[in-house]
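Structure first, commentary second.
The values are calculated or read from the model by the stated rules, or taken from the named source; none is laboratory data. The structure displayed is predicted, hence computed values, not measured ones. Cβ placement follows ideal geometry from the backbone for every residue including glycine, while neighbour counts extend to all protein chains displayed. For accessibility, only protein heavy atoms count, side chains too; no ligands or nucleic acids. Shrake-Rupley method; radii C 1.70, N 1.55, O 1.52, S 1.80 Å.
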Amino acid sequence: MRFEELLDSEQFLIIAQLEPPKGTDTSQLLRCADTLKGRVQAVMVPEMSGAIMRMGSIGTSFLLKQRGLETIVNINCRDRNRLALQADLLSAYTLGLENLFVSEGDEITSGDHIEAKPVKDLNVIGLLEAIKKLQKGTDLSGNDLFGIPKFCVGSEVNAGLQRGALELEVREMEKKIKAGANFFFTPTIYDLKVLENFMKKVSPFKVPVFPQVTILKSVGMARFMSRHLEGVNIPDEVINRLGEAPDKIKEGIIIAAEMIKNLKDLCRGALLVAIGGEERMPQVLDHVGI
């Protein structure tokens, strides 16, 4: 079933994130993909997350689609001007890639090519509006298209912000919906109270939200994410539980599975992320009962 159709269903959806390889060897990527086939409803393919140079999202998504997986292409605003963005969107559609995740893109200074120049010709709202125009049959300059794409478009929302920052984020989310966003991913969140508060605020929008559940592998990883990544919420009790566990890898898998189970009463699904440990995703799904 197509992802857009799944969004209209009552099914709780699991989306797995698979990083493209840094190089042309796709064997590990495809092995991981095969372990997820039939167990997740879609695979989201980041576009050089962390500003680290890797194989592109479009090419990787095409390989995974050929493997029989429903894919979500990440298009970010960081690396392309409006000409290249529109061209790549049309290319993606002609390759059968109909699902998009639109994001700003991580800062260049966090990556492995800090001398690169960010483009940011369009922001996320501008890119969403460009996609809407393409779907109505014109480019950003008003020129007619010969053949019109049809996308299912998602964007990002930071559910972990607090007080005034959260109110601004909710208003920005509403703008993204008006610009054409059909669903949303959040950053990593393990604080159910924070998520419950956010979901109450955005419930009138009636748009699917998929909180990111990152498989934690160490106390250091959890503390770094919670302290340095904006809106990432990992409570002390989760960090302490990980620290006290004799097998932290196994405990991280169990914690992720428990979080996904807890989301079933709050959200339409979850975005499962492993950050270099994609081989652990099937074990999380085992504990969830999928």
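For the stretch 100-107, does any single residue satisfy the condition of being among the aliphatic types (A, V, I, L, M), touching a strand residue (DSSP E or B) at 6+ places or on another chain (Cβ under 9 Å) and either surrounded by fewer than 16 Cβ atoms within 10 Å (Cβ to Cβ) or at pLDDT below 95 (or both)? No: zero hits. Counting only helices (runs of 4 or more DSSP H) wholly contained in the stretch 192-270, the ones carrying 2 or more residues that are within 18 Å of GLU169 (Cα to Cα) occupy 192-202. Counted as qualifying within the stretch 1-92 are the strands (runs of 3 or more DSSP E) with 1 or more residues that are of a type in the set (Ser, Thr, Tyr), namely 71-76. For the stretch 23-34, the criterion of a residue being closer than 20 Å to LEU272 by Cβ, of a type in the set (Asp, Glu) and open to solvent by 20 Å² or more (accessible area, probe 1.4 Å) is satisfied by at least one position. Scanning the stretch 175-194 for residues that are surrounded by 16 or more Cβ atoms within 10 Å (Cβ to Cβ), out of contact with any Cys (no Cβ under 8 Å at 6 or more places or on another chain) and not hydroxyl-bearing (Ser, Thr, Tyr) gives LYS176, ILE177, ALA179, GLY180, ALA181, PHE184, PHE185, PRO187, ILE189, ASP191, LEU192, VAL194. Across the stretch 100-125, what is the number of residues that are outside any loop (DSSP other than H, G, I, E, B) and free of Cβ contacts under 8 Å to residues at least 24 places away in the same chain? The number of residues fulfilling the criteria is 0. Residue count for the stretch 271-290, restricted to those that are in a helix (DSSP H, G or I) and surrounded by fewer than 22 Cβ atoms within 10 Å (Cβ to Cβ): 8.
Out of ARG78, ARG67, one residue alone is of a type in the set (D, E, K, R), more than 30 Å from ASP265 (Cβ to Cβ) and buried (at least 17 other Cβ atoms within 10 Å of the Cβ). It is ARG78.
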